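The structure appears right after this line, and notes come after that.
Taken together, the values in this text are just the output of simple stated rules run on the coordinates, not laboratory data. Remember, predicted model here, so these are calculated numbers, not experimental data. Neighbour counts run over all protein chains shown; Cβ positions are idealised from the backbone, glycine included.
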Amino acid sequence: MIKHAVILAGGKGSRLRPYTIVLPKPLMPIGDYPILEVIVRQLVVQGFTQITLAVNHQAELIKAFFGDGSKWGISIEYSLEDQPLGTMGPLKLINNLPDHFLVMNGDILTDIVFAEFFDSHVKSGAIYTISSHLREEMIDYGVLQTNNGFLTGFKEKPKNTYEVSMGIYMLSKKVLDFIPNNTPYGFDQLMLALLAKNEPVAVNTFTGLWLDIGRPDDYVEAIEQFDQLKDKILYV
């Protein structure tokens, strides 16, 4: 089965300013490589043969760096948005998508095995599979519990755990029927639409490395950890 990946690389990287004023977020360096090159190298090793880069902001810089993908032994094509289309909207611009394909953000540092995630989706029968991660959030305040103006409980800097989307998805082609043409359409809108139609959406919880370098704290952590992690992530 052909393994095709769509990488969403059109965002402006507003959360990483001023870094992203000069470079698009997917070309932000992690060690010796742009984060998007790390992803491309991972996909190549894991048997993917086709990548479509959905681009918009500073698209020419991304095209100049990656070209046709021959440097990495993979075919890279581009889908250019004339207007921002959100997370899922760009998929309607791509004509050659197979029955099952990977979609992911272009700013993720992870050691997930994409090929296994791909295969598990195909076997599951789900229309859509989300790779999730447990994220802990600490509240930096003393949290008051009150009733009618009186204190009923207190927690000092509590921690909450959430199961969040990693920005890595597997889609069956049927999902495209739910996405409108030439209209901004996000992951949140698609999830609500699939739930409303009782379509099967699988969630695979991943416990390994996941850093979203679109967040400044994660970007700093990725830089600090990369030298220790690159052998595992880049398979070198």
Original post:
Pick from GLY86, GLY142, GLY31: which residue has the top mean-square fluctuation in a GNM of the chain where Cα pairs under 10 Å get a spring?
Top reply: GLY142
Original post:
What residue among LEU209, LEU61, LEU192 shows peak mean-square fluctuation when the chain is described by a Gaussian network model with Cα springs under 10 Å?
Top reply: LEU192
Original post:
In what order do PHE101, PHE118, PHE206 fall by count of nearby beta-carbon atoms within 10 Å, going from fewest to most?
Top reply: PHE206, PHE118, PHE101
Subject >> Residues with amide H under 5 Å from that of ASP111, placed H, sequence gap 5 or more >> reply: LEU209
Subject >> Rounded to whole Å, sorted largest first: equivalent-ellipsoid semi-axes of segment 31-128, Cα gyration tensor >> reply: 21, 18, 13
Subject >> Translational diffusion of segment 131-228, µm² s⁻¹ [Kirkwood Rh, Cα pairs; Stokes-Einstein; 20 °C; 1.002 mPa s] >> reply: 123
Subject >> About the Cα centre, charge dipole magnitude for the chain (Lys/Arg +1, Asp/Glu -1 at Cβ), debye >> reply: 340
**OP:** Can you put TYR169, TYR185 in order of Cβ neighbours within 10 angstrom, beginning with the fewest?
**Re:** TYR185, TYR169
Original post:
How long are the three semi-axes of the equivalent ellipsoid of the chain, in whole Å, if each is the root of 5 times an eigenvalue of the C-alpha gyration tensor, listed from largest down?
Top reply: 31, 23, 19
**OP:** May I ask for the Rg/Rh ratio of segment 182-234, computed from Cα atoms with Rh as the Kirkwood radius, given to two decimals?
**Re:** 1.17
